[in-house]
Amino acid sequence: MEIPSRTELLERLRRVPGAATVLDRLTGAPPVAVVGGVVRDVLLGATPVDLDLVVQGPIGAVLELLDGQLLDGDLRAHERFGTARLTLAGQRLDIASARSERYDRPGALPRVGPASIVRDLERRDFTVNAIAVPVNGPGAGEVIATLHALEDLAAGSLRVLHDASFQDDPTRLLRLARYAARLDFTIDAHTLALATAAVRGGALANVSGTRIGNELRLLAREPDPIRAFAATRELGIDRALDPDFGLTDDAWAARGLELLGDAGAPERLVLALAVRRLAPERARALLDRLAFAREDRDAVVAAASTAPALSAALGTATRPSEVAAAVHGAGPEAIALAGAIGPAEAARSWLFELRHMPLLIDGRDLLDAGLAAGPAIGRGLAAARAAALDGRAADRQAQLAVAIGAARAAAHG
């Protein structure tokens with residue numbers, strides 16, 4: 001791999017969205033380096049999403065110079081723990097003091113201490129992420145990398161920095177799957193052996209469900225989540241979380257994601273397929289253990305458990321109003337999964353057309369027409385919506401006439 005000149009590399013880093021504003025404010029700061037994924041992606045010619053900065057020494061002075069918006073906590077707490085996350089010029093920044101790490105037991109959170117930038121790189125997950133570029137001071141633009149980092153980057157290979165890596169931090173197993181899928185990198189043979197042994201040895205049981213859940217959510221949000229879940233399957237990570245957890249039908253997932261488009265959350269759809277072999281209560285318990293938000297948990301479980309019946313209902317719908325009745329109350333991920341089983345056009349028409357068709361009247365119009373408040377109002381509006389969907393009531397007056405007739409029938413029925 002050809003490394004750019006120091007000047008060219010700094011210029012490439014400045015072209016990262018929001019980075020120029022950040023780097024311009026670091027004049028006079030303690031030594032600061034850009035590190036990790038941002039350097040990896042810039043060297044690969046990709047566009048990084050976030051910036052990771054490492055400070056040689058306490059981070060307080062750098063935080064004051066940047067004057068960004070802290071995303072959690074206050075300045076004093078961040079100075080004490082040596083890490084901060086903030087936004088500046090629309091760019092999210094993670095800032096940390098250069099540090100070493102020691103693990104008292106497998107899966108424990110590490111004990112940290114001050115260290116050089118070289119020692120800081122040695123604690124990282126994979127060699128391709130153990131690369132730094134100082135952005136101020138006399139060494140600005142110089143590439144600092146651990147052993148094998150640049151050759152692994154050039155070869156497209158994922159390698160851990162030491163044999164205890166997955167034992168120290170088992171969440172690296174999920175990151176291994178995520179990076180293999182996103183970067184299209186192969187896993188170094190020795191690293192693969194270590195990962196397989198860690199999974200089979202129950203390493204994931206040594207770390208909290210919250211930390212595993214955080215990594216699983218990141219994996220599900222990957223640009224190609226199907227490939228990311230396939231990597232967990234190949235490594236046995238999915239079955240280590242639950243014997244029946246995991247994506248087993250990639251084609252169904254691909255059809256579902258294509259149908260869903262931007263109408264819902266792709267990560268919910270993929271996770272719904274990953275839990276579909278679990279009974280709803282068991283799926284809910286697993287997602288609770290992994291600290292999923294209630295809204296996400298319920299949407300995932302609902303999509304997994306209702307998609308087959310929803311597909312059958314959509315398959316018999318012949319009119320738009322029948323499509324609406326079939327999907328009543330279902331989330332977009334469940335509808336997309338149902339459509340991926342068979343009735344794709346019915347699902348697509350609801351997700352991108354029918355559900356956005358406005359009703360030109362509301363309950364106040366029926367009350368103004370002399371109808372009494374009560375359940376009949378809702379039935380009248382439902383009838384008007386069905387007529388509008390089927391093209392039988394295109395304007396306001398036609399919808400009002402249908403609604404009044406249906407409401408009166410319901411009131412006297």
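The values are calculated or read from the model by the stated rules, or taken from the named source; none is laboratory data. The structure presented is a predicted model; accordingly, all values stated were derived computationally and were not measured. Here Cβ is always computed from backbone atoms with ideal geometry, including for glycine, and neighbour counts include all displayed protein chains. Just the protein is used for accessible areas: all its heavy atoms, side chains included, with ligands, DNA and RNA removed. Shrake-Rupley method; radii C 1.70, N 1.55, O 1.52, S 1.80 Å.
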Looking at L360, P225, Q56, which one has the Cα that reaches farthest to the positive end of the dipole of the chain (charges on Cβ: Lys, Arg +1; Asp, Glu -1)? L360
Kirkwood Rh, angstrom, the chain [1 / mean 1/r, Cα pairs]: 24.6
Over the range 289-359, average the accessible area per residue using a 1.4 Å probe and give it in Å², no decimals. 46
With +1 on each Lys and Arg Cβ and -1 on each Asp and Glu Cβ, and nothing else charged, work out how big the dipole of the chain is about its Cα centre, in Debye to the nearest 20. 800
Calc'd 3J(HN,Hα), the range 356-370, phi into Karplus 6.51 cos²θ - 1.76 cosθ + 1.60 (θ = phi - 60°), Hz, glycine/Pro = x, comes to 8, 6, x, 8, 8, 10, 9, x, 5, 5, 6, 5, 5, 7, x
Karplus ³J(HN,Hα) for the range 166-179 (6.51 cos²θ - 1.76 cosθ + 1.60, θ = phi - 60°; Hz, whole; x = Gly/Pro) runs 6, 6, 4, 9, x, 5, 5, 4, 5, 5, 4, 5, 5, 5
Let's test the formula: R0 of 45 Å, r as the Cβ-Cβ distance of E281 and E151. What FRET efficiency results, to the nearest 0.05? 0.35
Where nothing but the Cβ of Lys and Arg (+1) and of Asp and Glu (-1) is charged, how large is the charge dipole of the range 193-235 around its Cα centre, in debye to the nearest 20? 100
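Can you give the calculated 222 nm mean residue ellipticity of the chain, where each DSSP H run of n ≥ 4 adds -39,500 (n - 2.57) and the sum is split over every residue, rounded to the nearest 500 deg cm²/dmol? Walk me through the intermediate numbers first.
Values: 23 runs with 222 residues, N = 413.
-15500 deg cm²/dmol, from helical runs alone.
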Can you list residues whose amide H is under 5 Å from D169's amide H, if they're 5+ apart or on another chain and H is modeled 1.01 Å from N? G107
Dipole moment magnitude, nearest 20 debye, the range 170-328 about Cα centre, only Lys, Arg, Asp, Glu C-beta charged: 360
What distance in nm separates the simple spin-label points at T47 and V118, each placed 7 Å from Cα in the Cβ direction? 3.7
For L158, distant residues with modelled amide H under 5 Å away: T186, I187, D188
In whole Hz, the Karplus estimates of ³J(HN,Hα) for the range 376-392 (6.51, -1.76, 1.60; θ = phi - 60°; x where Gly or Pro) are 4, 4, x, 5, x, 5, 5, 5, 5, 5, 4, 5, 5, 4, 8, x, 8
Compactness check, the range 165-291: C-alpha Rg relative to the 2.2 N^0.38 Å globular estimate gives 1.01
Distance in nm between R102 and T87 label points, each 7 Å along Cα→Cβ, equals 3.9
Neighbour-limited loop hits for GluC sites (Glu not before Pro), the range 319-413 (at most 12 other Cβ within 10 Å; DSSP other than H, G, I, E, B): E353
Lys/Arg Cβ at +1, Asp/Glu Cβ at -1, dipole of the chain taken about the Cα centre: which of L150, F185, P170 is farthest positive-ward? P170
So, R0 is 60 Å and r is the distance between the beta-carbons of S208 and E345; what FRET efficiency does that work out to, to 0.05? 0.85
So for R0 = 25 Å, FRET eff. of A312-D262 from the Cβ-Cβ r, to 0.05, ends up at 0.40
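May I ask for the net charge around L259, where only other residues with Cβ less than 12 Å from the Cβ of L259 are counted and Lys, Arg are +1 while Asp, Glu are -1? Let's see the in-between values first.
Values: positive: R255, R348; negative: E258, D262, E333, E345.
Cβ neighbours under 12 Å give a net charge of -2.
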For I131, enumerate residues with amide H under 5 Å from its amide H, sequence gap 5+ or separate chain, H modeled in the peptide plane. G36
Length gain on complete extension for the stretch I3 to R221, per 0.36 nm per residue less the alpha carbon to alpha carbon distance? 75.4 nm
Under 8 Å for C-alpha pairs, at least 6 residues apart: give me the relative contact order for the chain, rounded to a whole percent. 9
Give me the one-decimal nm value for the distance between modelled label points at H356 and D288, 7 Å along each residue's Cα-to-Cβ direction. 3.8
